[in-house]
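The values are calculated or read from the model by the stated rules, or taken from the named source; none is laboratory data. Bear in mind that the values here come from a model prediction, so they are computed numbers and not experimental data. Neighbour counts run over all protein chains shown; Cβ positions are idealised from the backbone, glycine included. Just so you know, the surface numbers come from the protein's heavy atoms only, side chains and all, with ligands and any DNA or RNA stripped out. Shrake-Rupley method; radii C 1.70, N 1.55, O 1.52, S 1.80 Å.
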Amino acid sequence: MKVQKYDVPFRDSPNGFREKYWSPVNSPVLDEDGQVTGLLHHVEDVTGLHEELSRVENAYQQADTPTARTHTAFAQRRYALHLVQTADDARRRDELRREVAQLREALRSRATIDQAIGIIQAERRCGPEDAFQLLVNVSQRTNMKVRSIAAALVSLAETAPPGPLLPGEPR
(Lines give C-alpha, C1' and ligand atoms only; values in the text may rest on other atoms or scores of the structure.)
Protein backbone atom coordinates (compact mmCIF):
# COMPACT_ATOMS: atom_id res chain seq x y z
CA MET A 1 0.00 0.00 0.00
CA LYS A 2 1.09 3.58 -0.56
CA VAL A 3 2.18 5.89 2.23
CA GLN A 4 -0.91 7.38 3.87
CA LYS A 5 -1.33 10.86 5.34
CA TYR A 6 -3.37 10.63 8.54
CA ASP A 7 -3.26 13.50 11.02
CA VAL A 8 -3.48 12.82 14.74
CA PRO A 9 -4.80 15.03 17.56
CA PHE A 10 -2.09 17.26 19.02
CA ARG A 11 -2.67 19.81 21.78
CA ASP A 12 0.18 22.19 20.92
CA SER A 13 -0.88 22.60 17.30
CA PRO A 14 -2.87 25.67 16.20
CA ASN A 15 -5.49 23.50 14.48
CA GLY A 16 -5.39 20.73 17.12
CA PHE A 17 -3.80 18.16 14.82
CA ARG A 18 -0.29 17.04 13.87
CA GLU A 19 0.41 16.01 10.28
CA LYS A 20 1.57 12.37 10.18
CA TYR A 21 2.55 9.96 7.41
CA TRP A 22 2.24 6.18 7.78
CA SER A 23 3.63 3.25 5.84
CA PRO A 24 1.12 0.36 5.97
CA VAL A 25 2.39 -3.20 5.63
CA ASN A 26 0.04 -6.15 5.12
CA SER A 27 1.46 -9.64 5.62
CA PRO A 28 -0.33 -12.98 5.18
CA VAL A 29 -0.66 -15.36 8.13
CA LEU A 30 -0.18 -18.93 6.92
CA ASP A 31 -1.23 -22.19 8.53
CA GLU A 32 1.00 -25.27 8.65
CA ASP A 33 -0.04 -26.16 5.08
CA GLY A 34 0.91 -22.74 3.73
CA GLN A 35 -2.69 -21.59 3.30
CA VAL A 36 -3.57 -17.98 4.13
CA THR A 37 -5.65 -17.88 7.31
CA GLY A 38 -5.50 -14.16 7.99
CA LEU A 39 -3.67 -10.89 7.40
CA LEU A 40 -1.45 -8.93 9.75
CA HIS A 41 -1.75 -5.20 9.29
CA HIS A 42 1.07 -3.04 10.63
CA VAL A 43 1.72 0.66 10.13
CA GLU A 44 5.00 2.44 10.68
CA ASP A 45 5.26 6.15 11.35
CA VAL A 46 7.42 7.57 8.52
CA THR A 47 6.63 11.23 9.23
CA GLY A 48 10.29 12.04 9.96
CA LEU A 49 11.45 10.61 6.66
CA HIS A 50 8.62 12.35 4.79
CA GLU A 51 9.49 15.69 6.46
CA GLU A 52 13.16 15.24 5.55
CA LEU A 53 12.26 14.57 1.93
CA SER A 54 10.05 17.68 1.90
CA ARG A 55 12.81 19.76 3.49
CA VAL A 56 15.34 18.63 0.88
CA GLU A 57 12.89 19.27 -1.96
CA ASN A 58 12.08 22.75 -0.62
CA ALA A 59 15.78 23.57 -0.24
CA TYR A 60 16.42 22.64 -3.87
CA GLN A 61 13.41 24.65 -5.05
CA GLN A 62 14.51 27.74 -3.07
CA ALA A 63 18.06 27.47 -4.36
CA ASP A 64 16.67 27.22 -7.89
CA THR A 65 19.11 24.37 -8.51
CA PRO A 66 18.77 23.00 -12.04
CA THR A 67 19.35 19.44 -10.81
CA ALA A 68 16.59 19.56 -8.19
CA ARG A 69 14.47 17.05 -10.11
CA THR A 70 17.36 14.60 -10.27
CA HIS A 71 17.98 14.90 -6.53
CA THR A 72 14.26 14.72 -5.72
CA ALA A 73 13.96 11.58 -7.85
CA PHE A 74 16.95 10.13 -6.00
CA ALA A 75 15.34 10.92 -2.63
CA GLN A 76 12.07 9.37 -3.78
CA ARG A 77 13.89 6.21 -4.88
CA ARG A 78 15.60 6.01 -1.48
CA TYR A 79 12.22 6.48 0.21
CA ALA A 80 10.71 3.72 -1.94
CA LEU A 81 13.65 1.46 -1.08
CA HIS A 82 13.04 2.21 2.61
CA LEU A 83 9.40 1.16 2.23
CA VAL A 84 10.37 -2.06 0.45
CA GLN A 85 12.93 -2.79 3.16
CA THR A 86 10.29 -2.16 5.84
CA ALA A 87 7.96 -4.65 4.18
CA ASP A 88 10.77 -7.20 3.85
CA ASP A 89 11.71 -6.72 7.50
CA ALA A 90 8.10 -7.26 8.59
CA ARG A 91 7.86 -10.44 6.49
CA ARG A 92 11.14 -11.75 7.89
CA ARG A 93 10.05 -10.92 11.45
CA ASP A 94 6.83 -12.91 10.88
CA GLU A 95 8.81 -15.83 9.44
CA LEU A 96 11.10 -15.81 12.48
CA ARG A 97 8.14 -15.72 14.87
CA ARG A 98 6.62 -18.75 13.14
CA GLU A 99 9.96 -20.57 13.20
CA VAL A 100 10.44 -19.86 16.91
CA ALA A 101 6.92 -21.14 17.65
CA GLN A 102 7.64 -24.33 15.69
CA LEU A 103 10.95 -24.85 17.50
CA ARG A 104 9.28 -24.35 20.88
CA GLU A 105 6.62 -26.89 19.96
CA ALA A 106 9.31 -29.32 18.81
CA LEU A 107 11.17 -28.93 22.10
CA ARG A 108 7.96 -29.51 24.09
CA SER A 109 7.08 -32.63 22.11
CA ARG A 110 10.63 -34.04 21.96
CA ALA A 111 10.47 -35.71 25.40
CA THR A 112 7.19 -37.44 24.52
CA ILE A 113 8.57 -38.64 21.19
CA ASP A 114 11.68 -39.97 22.97
CA GLN A 115 9.46 -41.85 25.45
CA ALA A 116 7.44 -43.36 22.60
CA ILE A 117 10.65 -44.42 20.86
CA GLY A 118 11.75 -46.13 24.07
CA ILE A 119 8.43 -47.95 24.35
CA ILE A 120 8.67 -49.17 20.76
CA GLN A 121 12.29 -50.22 21.26
CA ALA A 122 11.32 -52.29 24.30
CA GLU A 123 8.38 -53.92 22.52
CA ARG A 124 10.05 -54.53 19.17
CA ARG A 125 13.62 -54.99 20.36
CA CYS A 126 14.83 -52.55 17.71
CA GLY A 127 17.11 -49.53 17.56
CA PRO A 128 15.98 -45.91 18.00
CA GLU A 129 16.10 -45.17 14.25
CA ASP A 130 13.80 -48.11 13.47
CA ALA A 131 11.47 -47.14 16.32
CA PHE A 132 11.26 -43.55 15.06
CA GLN A 133 10.65 -44.77 11.50
CA LEU A 134 7.78 -46.88 12.81
CA LEU A 135 6.27 -43.76 14.41
CA VAL A 136 6.65 -41.91 11.10
CA ASN A 137 4.97 -44.75 9.20
CA VAL A 138 2.01 -44.79 11.59
CA SER A 139 1.83 -40.99 11.33
CA GLN A 140 1.66 -41.17 7.54
CA ARG A 141 -0.93 -43.96 7.51
CA THR A 142 -3.20 -42.16 9.99
CA ASN A 143 -2.51 -38.63 8.73
CA MET A 144 -1.62 -37.53 12.28
CA LYS A 145 1.44 -35.69 13.52
CA VAL A 146 4.27 -37.80 14.96
CA ARG A 147 4.00 -35.91 18.25
CA SER A 148 0.28 -36.81 18.48
CA ILE A 149 1.00 -40.48 17.79
CA ALA A 150 3.78 -40.43 20.39
CA ALA A 151 1.55 -38.78 23.01
CA ALA A 152 -1.19 -41.34 22.40
CA LEU A 153 1.31 -44.20 22.65
CA VAL A 154 2.78 -42.89 25.93
CA SER A 155 -0.71 -42.37 27.35
CA LEU A 156 -1.74 -45.87 26.30
CA ALA A 157 1.43 -47.34 27.80
CA GLU A 158 0.58 -45.73 31.14
CA THR A 159 -2.89 -47.30 31.29
CA ALA A 160 -2.95 -50.43 29.10
CA PRO A 161 -2.11 -53.97 30.18
CA PRO A 162 1.17 -55.39 28.84
CA GLY A 163 1.28 -56.18 25.12
CA PRO A 164 1.79 -54.44 21.75
CA LEU A 165 0.55 -50.83 21.68
CA LEU A 166 0.84 -49.65 18.09
CA PRO A 167 -2.40 -49.28 16.09
CA GLY A 168 -3.00 -52.17 13.71
CA GLU A 169 -0.65 -54.47 15.61
CA PRO A 170 -1.96 -57.69 17.22
CA ARG A 171 -2.09 -57.74 21.04
*Could you check how much of the accessible area of the stretch 82-158 is carbon and sulfur, as a whole percent, using a 1.4 Å probe?*
51 percent
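Under 8 Å for C-alpha pairs, at least 6 residues apart: give me the relative contact order for the stretch 1-51, rounded to a whole percent.
Working: 83 pairs, mean separation 15.9, N = 51.
Worked out over the stretch 1-51, it gives 31 percent.
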*Solvent-accessible area of MET1 with every protein chain in place, 1.4 Å probe, in Å² to the nearest 10*: 150 Å²
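Please find the FRET efficiency linking ARG124 to ARG93, where r is the Cβ-Cβ separation and R0 is fixed at 35 Å, and quote it to the nearest 0.05. Write down the numbers at each step before the final one.
On the way: r = 44 Å, r/R0 = 1.27.
Efficiency, from the Cβ-Cβ distance: 0.20.
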*Amide H partners (placed H, <5 Å) of LEU30, local residues excluded*: THR37
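Would you please give the FRET efficiency between HIS41 and ASP7, computed as 1/(1 + (r/R0)^6) with r the Cβ-Cβ distance and R0 = 22 Å, to the nearest 0.05? It would help to have the intermediate numbers written out before the result.
Details: r = 20 Å, r/R0 = 0.89.
The value I calculate is 0.65.
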*Leaving out same-chain residues fewer than 8 places away, which lysines sit with a Cα under 21 Å from that of LYS20?*
LYS2, LYS5
_15 Å beta-carbon shell around ALA111, net charge (K/R +1, D/E -1)_ = +1
